[in-house]
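Undergrad: Structure provided below as structure tokens; questions to follow.
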Amino acid sequence: MPRPMFPALAPARRRQFRGSLGRAGGLLLLLAMPLTLTGLAQAQTPPSATAPSVLRTQPSSALSEVKARAAAERILRALRDGDANERYAQFAPSLQRMTSPTLVQNHLRRQPKVQSWKITAISPGVESSTVEATLQTSAGVRDLLMVIDGDGRLEGYHLNVSDQPAEKVARGFIDAVIQGRYVAAMSFLSPDMQSEITAAGLQRKWQNLQRVTGNFVKVRKISRSEHTSDMKLVLITTEFTRLTDSLYVILDSDNSIIGVDFPTDQLNQPSAR
């Protein structure tokens, strides 16, 4: 018999993770993820064959390439200068509701200092533009993907941390969640996953978890369970006031988080027969 993919997991969870690893980009937040942020920015509904030709020439609501570049430069300058107020002002309303200048400042203090950058690609879309940049930071070179809306505000971003240990990435993610820095936590998620869950949705999952487990106390241990060539499973053993349980984080080969499983997710699953 072939060895189970994740023998450390309970049978129900093992089946769930094995199925997820069998599907590239499996998602354990009970959500599908059909589009990447780039795809979301670029996807367009083809006009009907019988639609008037004027529909085919309607201007996009996204920024032009020139304006998207200018917006990205403003965002990157605020990041380089460590200007929390300016960075907060550059967030789209959906992100502003989930953070504050104080939380932004706390996050900036934890990050490597941005020294310079080069914008490498701009992809205007229907409602937003995707901008890619290479950053030179105090910790080395980092690739950054930004999604900028039609008003030049940041809707989401993802920083490549493929050179970091998976356990360190998982720790950064859970620390951000614990501390209420949900916008920062979202940046650890893959673009696919960000297209399907919002910062507010992540907050709800964390709050719902604590209604069952009690308040968070501490992280006891973070360890890698098993991995394939494409995916890694990290277990975060977490103590709450009522119980101790493991949170599961799945990362792809670039250390982008592509799945997060909280214990309460299991309450919504049918029991095994």
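Undergrad: Going by what's in this entry, would Gln207 be described as out of contact with any Ser or Thr (no Cβ under 7 Å at 6 or more places or on another chain), more than 24 Å from Asp254 (Cα to Cα) and either in a strand (DSSP E or B) or polar (S, T, N, Q) (or both)? If you could, list the steps in order and put the result at the bottom.
TA: Working: out of contact with any Ser or Thr (no Cβ under 7 Å at 6 or more places or on another chain): yes; more than 24 Å from Asp254 (Cα to Cα): yes; either in a strand (DSSP E or B) or polar (S, T, N, Q) (or both): yes.
Yes.
Undergrad: Sort out for me the strands (runs of 3 or more DSSP E) sitting completely within region 54-150 that have 1 or more residues that are in contact (Cβ under 8 Å) with a residue 60 or more places away in the chain, out of contact with any Lys or Arg (no Cβ under 9 Å at 6 or more places or on another chain) and within 23 Å of Gly201 (Cβ to Cβ). Let's see the steps before the verdict.
TA: Values: elements: 114-124, 128-137, 140-149.
It comes to 128-137, 140-149.
Undergrad: For region 217-244, enumerate the residues that are farther than 16 Å from Gly172 by Cβ, among the hydrophobic types (A, V, I, L, M, F, W, C) and in contact with a helix residue (DSSP H, G or I) (Cβ under 8 Å, 6 or more places away or on another chain).
TA: Scanning region 217-244 gives Met231, Leu233, Phe240, Leu243.
Undergrad: Only one residue in Arg77, Arg56, Arg87 is modelled with pLDDT of 95 or more and either farther than 21 Å from Ala176 by Cα or not charged (D, E, K, R) (or both), so which one is that? Walk me through it before giving the result.
TA: Working: Arg56 fails: modelled with pLDDT of 95 or more; Arg87 fails: either farther than 21 Å from Ala176 by Cα or not charged (D, E, K, R) (or both).
When all the criteria are applied, what remains is Arg77.
Undergrad: When you look at Val177, is it among the aliphatic types (A, V, I, L, M) and more than 17 Å from the chain's Cα centre (by Cα), yes or no? Don't jump to the end; show me each part of the working.
TA: On the way: among the aliphatic types (A, V, I, L, M): yes; more than 17 Å from the chain's Cα centre (by Cα): no.
No: the conditions fail for Val177.
Undergrad: For the subset of region 94-128 comprising residues that are farther than 17 Å from Asp83 by Cα and of a type in the set (Lys, Arg), which member is surrounded by the fewest Cβ atoms within 10 Å (Cβ to Cβ)? Outline the logic, then answer.
TA: Applying the first criterion (farther than 17 Å from Asp83 by Cα) to region 94-128 yields 94, 97-98, 118-128.
Filter again for of a type in the set (Lys, Arg), leaving 97, 118.
On the way: Arg97: 14, Lys118: 10.
That would be Lys118.
Undergrad: Among the aliphatic types (A, V, I, L, M), free of Cβ contacts under 8 Å to residues at least 60 places away in the same chain and crowded, with 20+ Cβ neighbours inside 10 Å - does that describe any residue in region 201-220? Talk me through it step by step, then tell me what you get.
TA: In the first step, residues of region 201-220 are kept if they are among the aliphatic types (A, V, I, L, M); the result is 202, 209, 212, 217, 219.
When the remaining residues are screened for being free of Cβ contacts under 8 Å to residues at least 60 places away in the same chain, the result is 202, 209, 212, 217, 219.
Going one step further and asking which of them are crowded, with 20+ Cβ neighbours inside 10 Å, we end up with 202, 209.
Yes.
The values are calculated or read from the model by the stated rules, or taken from the named source; none is laboratory data. Everything numeric here is computed off the predicted structure, so don't read it as measured data. Cβ coordinates were reconstructed from backbone atoms using ideal geometry, including for glycine residues, and neighbour counts include every protein chain displayed.
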